[in-house]
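Reviewing the structure listed below.
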Amino acid sequence: VGVQDFVLLDSHTSETAFLNNLRKRYQENLIYTYIGTLLVSVNPYKELDIYTVTQMQLYRGVNFFELPPHLYAIADNAYRVMCSEYNNHFILISGESGAGKTEASKKILQYYAVTCPTTEQLQIVRDRLLLSNPVLEAFGNAKTLRNDNSSRFGKYMDIQFDFKGAPVGGHILSYLIEKSRVVHQNHGERNFHIFYQLLEGGDKDLLCWLGLERNPQKYAYLIQGRCAKVFSINDKNDWKIVRKAFSIIDFTEKDVEHLFGIVASVLHLGNIQFEEDSNGHAIIRDGTQIKWISKLLGAHLSILQEALTHRKIEARSEEVLSPLNVDLAFYARDAVAKAIYGRTFTWLVNKINCSLANKDSTRKTVIGLLDIYGFEVLDTNSFEQFCINYCNEKLQQLLIEMTLKAEQEEYELEGIEWEPIPYFNNKIICDLVEQKHKGIISILDEECLRPGEATDLSFLEKLEEKVGDHAHFVTYAFTLCILLQRKLFPSFTCSRVLGRERGLLCTTEHQGAHPSAVNVGRVGPGVVGRIPAAFLVATQFKNSLTSLIEILMSKEPSYVRCIKPNENKEPGKFDDFLIRHQVKYLGLMEHLRVRRAGFAYRRKYELFLQRYKSLCPATWPHWHGPAAEGVERLIKHIGYKPEEYKLGRTKIFIRFPKTLFATED
């Protein structure tokens, strides 16, 4: 149905032809299509019978293009090359939230678990690798408007293999857990799964010991989204899986007890209420919740109360406690809850890493799985979403750079002249965000550190001054007085494609905006009002992202680009507008142009000859000379014209898909 590889499209520069091919295949439940060695995956929103053990064995050890496109082919190709060349690989899985990235990551892990060599000891490592997923999902995933199991953190997992190709260990790096979700959820969204799993699945004695009731409506941090119960999520069953996983991942009962004590303390924190005393200072009249927190965290009661109702300030080289008003006390409470959850998640990842660590000092090769958080195009992006979208831009830049480099190197090795191709280089977007002294993050740092009061508006004015004339940046500073009069939030938009005329606070989904504009930010309120946190997170995230890119640059890449076919998670529905938008910002047309760079198809002489030798009397049934000479004799007999092909050192390059299709016929 259609073509299995977009590189073989005749109209390879036509976005419409690209979408038509994707649609044809999707409607026949063919969710996978290649662009060269990149896999495009469209979420079917239903179970397909293509992930059986039989399917796994079918793809095991088979040449990449011999079978129809599949996730298993990507996994197997990376594994075989790693084993034969003894080098490190990574598989980058990216796409919008709800496109199927986390499921793709799990399917690849399962493939290695089934097809790699094993022993009884290795089975323990394998189980731990597989069961680390439900634990991380419980603490790091949540229901959002677009996805009932959305990863709210970035995850890079190295699977370590010994010289026999057996998985012997692993290591996980996590990036930017969305801590703001702990204290606030939008309408139609939930907090992290673990809270609901604990209340729904925890036994009566456990809940009693934690001071919790089973009803999530009793907890302020769980009711803001107004959807504690979701029909597609079985919290009780998921709780059982997580509890089993803890025992296999080598958590002691004491570890688990402490962990759930912390989870419960966050819920108790959310229920603390403050009142105003006669001096306008915040006080806690009902001490029930804080007593539970004191018990669960082992913290002194008076210290806890002090932390929530006072702040330390410097006065004459001394630290003095200054009382907070009620508003600031609520903010302090939420900040404590976020900090506790963030540190707990870091501890959890470190604990899992200890259980996956391989103590053997012999050399290992690795395959890394990067399941990065989904790019979102929202009316208003939070600070965290701005960071997430920036991360996706960096990975897009990496993909194009590595693909271009690989293509140019192959042409050079084969002695074929490289033909430069036009494509959108998103380096200009990455520089806008990260450039030293001039980028958005540097400007934010400056604004955070300067003397005097820093606010969202002062940050916006600084952006207007420094990057206001950038072709891909739009700010609304010219209407600051209107913003103040109407009590609207200051914002800015950073788009890949220069937008058209926009009205006040207009974003990509409003009329007048170019349909392919992509919000790296229209960053909403409160970015600069809470300076220290924003400063630390922005700088740390930028640095950790730089380290991640360095890790990836040292490995051989494979790519999976996931596409969400519609907003309603509906099987069989193909939303052209939504998919066209994803094709644009995932850079799939750019990638196709790079892969086509003059030639639609290339194959090693031996493989080409093996496939087509029956078409020429001189090469059938056996050709006894060098494969390159056999191919040359074969294509002359078929009637290839000089402009249709080039002969490299080890491969034949065919310029037009129609030439290949005619040969196939």
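The values are calculated or read from the model by the stated rules, or taken from the named source; none is laboratory data. These figures come from a predicted structure and were not determined experimentally. Note: ideal-geometry Cβ built from the backbone for every residue, glycine included; neighbour counts use all protein chains shown. Accessible surface areas use protein heavy atoms only, side chains included; no ligands, DNA or RNA. Shrake-Rupley method; radii C 1.70, N 1.55, O 1.52, S 1.80 Å.
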- Listed by first then second residue, the pairs whose first member lies in the stretch 284-308 and is at negative phi and modelled with pLDDT under 85, whose partner is open to solvent by 60 Å² or more (accessible area, probe 1.4 Å) and outside any helix (DSSP H, G or I), with beta carbons under 9 Å and at least 6 positions apart or on separate chains, are Glu306/Leu321
- Item | Selection within the stretch 1-50 - without any contact (Cβ under 8 Å) to a residue 40 or more places away in the chain and among the small types (Gly, Ala, Ser) | Gly2, Ser11, Ser14, Ala17
- Query: For the subset of the stretch 214-251 comprising residues that are charged (D, E, K, R) and in a helix (DSSP H, G or I), which member is least open to solvent (accessible area, probe 1.4 Å)?
  - Reply: Asp235
- Item | For Phe375: the one exception among (1) crowded, with 20+ Cβ neighbours inside 10 Å; (2) modelled with pLDDT of 85 or more | (2)
- Pairs where the first residue, in the stretch 232-244, is under 19 Å from Asn215 (Cβ atoms) and the second is polar (S, T, N, Q), C-beta under 7 Å, 6+ apart: Asp235/Gln197; Asp238/Gln197; Trp239/Gln197
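Please verify whether the stretch 350-368 includes one or more residues that are open to solvent by 30 Å² or more (accessible area, probe 1.4 Å), part of a helix (DSSP H, G or I), without any contact (Cβ under 8 Å) to a residue 40 or more places away in the chain and within 29 Å of Leu545 (Cα to Cα).
Yes, some residue in the stretch 350-368 is open to solvent by 30 Å² or more (accessible area, probe 1.4 Å), part of a helix (DSSP H, G or I), without any contact (Cβ under 8 Å) to a residue 40 or more places away in the chain and within 29 Å of Leu545 (Cα to Cα).
Just to be sure before I move on: is Ala113 open to solvent by 10 Å² or more (accessible area, probe 1.4 Å) and small (Gly, Ala, Ser) in the structure I sent?
Values: open to solvent by 10 Å² or more (accessible area, probe 1.4 Å): yes; small (Gly, Ala, Ser): yes.
Taking the combined requirement at face value, the residue satisfies it.
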- Got a sec? Which helices (runs of 4 or more DSSP H) wholly within the stretch 434-487 have at least 3 residues that are in contact with a strand residue (DSSP E or B) (Cβ under 8 Å, 6 or more places away or on another chain) and at pLDDT 80 or above? 456-467
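Could we say that Met589 is more than 22 Å from Thr144 (Cβ to Cβ), open to solvent by less than 40 Å² (accessible area, probe 1.4 Å) and at pLDDT below 95 here?
Values: more than 22 Å from Thr144 (Cβ to Cβ): yes; open to solvent by less than 40 Å² (accessible area, probe 1.4 Å): yes; at pLDDT below 95: yes.
When the stated conditions are applied, Met589 passes them.
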- Message: Quick check on this structure: which one of Lys106, Lys155 is at pLDDT below 95, buried (at least 23 other Cβ atoms within 10 Å of the Cβ), within 25 Å of Lys240 (Cβ to Cβ) and within 18 Å of the chain's Cα centre (by Cα)?
- Response: Lys155
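When you check Ser294 against the structure, is it open to solvent by 70 Å² or more (accessible area, probe 1.4 Å) and polar (S, T, N, Q), yes or no?
Numbers: open to solvent by 70 Å² or more (accessible area, probe 1.4 Å): no; polar (S, T, N, Q): yes.
Spelling it out, it is not the case that Ser294 is open to solvent by 70 Å² or more (accessible area, probe 1.4 Å) and polar (S, T, N, Q).
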- Message: Restricting to the stretch 200-211, name every residue that is closer than 20 Å to Asn234 by Cβ, aliphatic (A, V, I, L, M) and in contact (Cβ under 8 Å) with a residue 40 or more places away in the chain.
- Response: Leu206
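So in the stretch 222-267, with the set limited to residues that are small (Gly, Ala, Ser) and in contact with a Leu (Cβ under 8 Å, 6 or more places away or on another chain), which one is farthest from Ile172 (Cα to Cα)? Even if it seems obvious, please write down each step before you answer.
Let us first name the residues in the stretch 222-267 that are small (Gly, Ala, Ser), namely 225, 228, 232, 245, 247, 261, 264-265.
Narrowing further to those that are in contact with a Leu (Cβ under 8 Å, 6 or more places away or on another chain): 228, 245, 261, 264-265.
Working: Ala228: 30, Ala245: 16, Gly261: 24, Ala264: 26, Ser265: 26 Å.
The extreme case among them is Ala228.
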- Which of the residues that make up the stretch 323-366 are closer than 19 Å to Ile248 by Cα and in contact with an Asp or Glu (Cβ under 6 Å, 6 or more places away or on another chain)? Ser355
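Being over 21 Å from Arg561 (Cβ atoms) and in a strand (DSSP E or B) narrows it down to one of Gly95, Gly170, so name that one. Spell out how you get there, then give the answer.
Working: Gly95 fails: over 21 Å from Arg561 (Cβ atoms).
Exactly one residue qualifies, and that residue is Gly170.
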- Give the residue that is modelled with the highest pLDDT, with candidates limited to residues of the stretch 380-394 that are among the hydroxyl-bearing types (Ser, Thr, Tyr) and closer than 18 Å to Asp445 by Cα. Tyr390
- Message: Looking only at the stretch 190-213, filter to residues that are open to solvent by 40 Å² or more (accessible area, probe 1.4 Å) and outside any helix (DSSP H, G or I); which one of those is nearest to Leu297 (Cα to Cα)?
- Response: Glu213
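In this structure, does Ile303 turn out to be assigned to a helix (DSSP H, G or I) and buried (at least 17 other Cβ atoms within 10 Å of the Cβ)? Working first, answer last.
Working: assigned to a helix (DSSP H, G or I): yes; buried (at least 17 other Cβ atoms within 10 Å of the Cβ): no.
In short, no.
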- Verdict on Leu145 being part of a strand (DSSP E or B), out of contact with any Leu (no Cβ under 6 Å at 6 or more places or on another chain), open to solvent by 40 Å² or more (accessible area, probe 1.4 Å) and touching a residue at least 24 places away in the same chain (Cβ under 8 Å): no
- What is the residue count in the stretch 603-659 for residues that are touching a Leu at 6+ places or on another chain (Cβ under 8 Å), free of Cβ contacts under 8 Å to residues at least 24 places away in the same chain and open to solvent by 80 Å² or more (accessible area, probe 1.4 Å)? 1
- Among (1) open to solvent by less than 40 Å² (accessible area, probe 1.4 Å); (2) of a type outside the set (Asp, Glu); (3) in a helix (DSSP H, G or I); (4) touching a Ser or Thr at 6+ places or on another chain (Cβ under 7 Å), where does Lys584 come up short? (1)
